[in-house]
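These notes concern the structure reproduced below.
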Amino acid sequence: MKQLRYLFLLLLSLGLLLAACGGDPTPTPRPVDDDDDGAAAPTAEVVEVEVTIVVTATPEPNAPIEATPTPTPATDEVEDRPVDLADLPGPPAAIVNDEGGPVGITGEVEYTNPFFNVGVAAPVVILEDQAGFVDRDEDYLFPVESQSLGQITSDFYTSPFNYSIALPIEPKGGFRDVDNDGEEDIGVQVFAVAYWNNVFGDPFLEERDLGGGGWSTAYASTIISDDPEFEREIVGGYFLVYAQDDQQGFPSGFGDDMLLFTEDDPIVTLPQGYTIVNLDTEPFTFDRSRNPVIDLIEPEGAALVDYSDLSYTEAFDALVDQLSNEYAFTEYKGIDWEALRDEYRPRFEDADTNNDELAYLRALRDFSWQIPDGHISGPFLGDDFRAAAIGGIGIAIRELDDGRVLVNFLLEDGPAAEAGMEIRSEILEMNGQPIGDYISNTVSYFAPYSTPHNRRLDQLLFATRFPVGTEVEVTFQNPGSLPETVTLEAVGEVESFNFWLEDETRDGFELPLEYEFLEEEGVGYVQIFSFFDNDLLTVQLWERMIQEMNENNVSNLVIDMRRNGGGRGFLADQMAAYFFNEPLVTGNSGFYDEDRDEFYFNPDYEDTFILPSEEFRYNGNVVVIVGPDCASACEFFSYNMTLDDRATIVGTYPTAGLGGSVDDVAMPADETFRFTQGRAVDPDGNIHIEGIGVVPDIRVPLTEETLFSDGDPVLEAAFAFINGEAPDVSEGETLAVGDSVTAVLDPNSSTRYTVTLNAGEVVGLILESGSDRPFILTVYDEDGELLAATDPDTLTGFENVDFGIDITIILEVSTEEGSGGEYTLTIEDQS
């Protein structure tokens, strides 16, 4: 008996071991007796034991996904019930590759667009709920619970990259009844697979990540129509459809109207679970493969246009053809593309004939310089640049508001210093030309430009650059001395060149933005260096800055944009939204539409603030500092801050005036040509940035005093304004009838002039300005009693003034909000 017990135990152990090592890893559930209340004792000595071993391994990037198939929902009756086909919304779908339905999807994403991955830190591939498309609701936000996040299983920054999505047993998308049978059914869930960039909030996509909502139009498993009559309509690609039971209908084609989910769609009945629907076949193909492969699609409009396989001349012709249609500001800038083609085409033909790559690159560069747009970018030829710029005479120069050109850098023991030139020397002539003309004729290797002030600044830089060994005749005047003319020889020196650039460049160790609280000034200070950096980090730093300013009750904030070269316009817009409490429209962008043969501004795509939560909004006072190196997206941020007078703009120069979105074209010799493709306008449809820039409200003049200041006059002016410091009042000269004076008013200041009039004299007190700055002329008597003041919008002063007595008056020139600027005051005889 004892031996039988041992034998029994041995057999039992072997049985348990076999159960653990073999069979289906998913356990078979024990039968449940509805009458079993758990009180009865087992009737056998051997208790049934189930053992399941689960081993999880890291999958290969392209390995099929294994998961538990979607279960069939429980019903009251276990046995199958016959289905009356007449009760179904349509005939059963013809299934291919019926393996029970998908459990996971893999695929790749190929991209050629050069901006696709720039700044992207948190790329995601998701199941995208298409309920918004079914409803044609362009504001539809994918519910968080519907967003099944995939894995990116290869290097995202190398095209193509791979992805993998394990499908949930029961997805949480929006059910939509799409069978059009007039009966209310639970419907189906429709998904696309789509790529997104997650910038805001948690790992799931929110309204700002989605650009306001809707459905994907690029880098998704679906194809969007480029026909204006079918705008944003899905016309091909793949859907993943989930049916909770086998009673739900789905279109098997587009119908006569060629639109999905409309009344004329032919309908079939889907099996329960997941089905892949191929929209590119007629009728649609319904696939139940276990591990389907679906690649995401880069639309033609987003793909890089590639002329690199053409000859130099063919590529040039193709580029000019494209620019003549797609360049955003042809009429605005008066560009004659055919004239440019005629001028430059012979150079490309010669380059082809001689197989001369350098000649081709120079022709393409010089062609790009003829387009007055700072976004235009052709070849940068380093050897040509170095030959032209490596030599100097040991000075850097700046042009003041009064027209004088002064030396503001002098290289010790350089040619100019050896010739006796000093700091603050005025340059009068170079090579026999008046200095103003010489600067105007200087070629800048940083061309082209959208605005005259940016071009002029770089011409000042290159005006003192020469090939080494060049003889240069310079006429200059040291302070307190007489003019003299010397001949200097250019030497290899870059110190004067770098001195000019040092305030414009960064060292590369900056974060996208940096901030601090300046205790002495009582002001928060933030510098935004780029909208083209890690966008996730940028937003995280931005929100942290806002929180810290709010938590510490910092009521004044200065935002310095002077070294921000631009980046993602949408990011710039949405970062500006943190200062507003209403979702304002900021503008729109138009693009060339081939079918319409015009630039089209879609009213549904207006640029709009999407507000962050209230905890991240800043309601204090704001000053934005701008300069000529604030370009593109930087300018849109700065412009946005002027809406509703939210911020005051401070600077010496307007921004660069680059007002549109760009596209790249691949050209021969591994070269790229960039041009402005999107025409940006303000909410009223006016071009507001391109060729204009954002103009300071408070202009800090460039005078000898501010040029040689030890501090930062622009930043100091911003602090003075935001802290409400009283304006400085300076005493001007004494004026008589017939006198006129032109001067520059510093920000947050005013100037007073004394005028003595005789009885019977009739005069005009005329205040004029070459800009649109709101100057104010205030008239006082000798005792300081106010006699009159002009309206800030009126620059003409007072006409036909007759006091009737001998009188001395005080004329005070000031500006509204302390903005400063140049003016002319005239005491005109009108007797």
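Counting Lys and Arg as +1 and Asp and Glu as -1, each charge on the Cβ, what is the dipole of the range 654-708 about the Cα centre in debye, to the nearest 20? Show your work: numbers first, answer last.
Details: 3 positive and 10 negative charges, 20 e Å.
In total the dipole reaches around 100 debye.
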Exercise. Of the accessible area of the range 124-205, with the probe set at 1.4 angstrom, what percent is carbon plus sulfur?
Worked result: 49
Exercise. Of V526, C634, V554, which is farthest along the charge dipole of the chain in the positive direction, counting Lys and Arg as +1 and Asp and Glu as -1 at C-beta?
Worked result: V526
Exercise. How far is helix 713-722 tilted off the main Cα axis of the chain, in degrees rounded to 10, range 0 to 90?
Worked result: 70
For this session: For the chain, report the translational diffusion coefficient in µm²/s to the nearest whole number, using Stokes-Einstein at 10 °C, 1.306 mPa s, and a Kirkwood Rh over Cα pairs.
Result: 48
Seminar exercise, completed: Only helices counted: for the chain, with every DSSP H run of 4 or more residues adding -39500 (n - 2.57) and the sum spread over all residues, [θ] at 222 nm is -5500 deg cm²/dmol
Problem set entry | FRET E, pair N553, S311, Förster distance 60 Å, beta-carbon r, rounded to 0.05 | 0.35
For this session: For D645, tell me the accessible area in Å² from a 1.4 Å probe, rounded to the nearest 10.
Result: 130
For this session: Estimate the FRET efficiency between A669 and D437 by the formula 1/(1 + (r/R0)^6), using the beta-carbon distance for r and 45 Å for R0, to the nearest 0.05.
Result: 0.75
For this session: Compute the FRET efficiency between D321 and D366 as 1/(1 + (r/R0)^6), taking r as their Cβ-Cβ distance and R0 = 22 Å, and round to the nearest 0.05.
Result: 0.70
Seminar exercise, completed: In cubic angstrom per residue, the convex hull of the range 255-352 built on its Cα atoms measures 196
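Please calculate how many Å² of accessible area the chain carries per residue, with a 1.4 Å probe and no DNA, RNA or ligand atoms counted. Before the final figure, lay out each step's value.
Working: 40080 Å² over 831 residues.
With the other protein chains kept in place, the chain gives 48 Å² per residue.
The values are calculated or read from the model by the stated rules, or taken from the named source; none is laboratory data. Since this is a predicted model, take the numbers as computed values, not measurements. Because the Cβ atoms are built from the backbone with ideal geometry, glycine has one as well, and the counts that use them run over all protein chains shown. Surface accessibility is based on the protein's heavy atoms, side chains included, excluding ligands, DNA and RNA. Shrake-Rupley method; radii C 1.70, N 1.55, O 1.52, S 1.80 Å.
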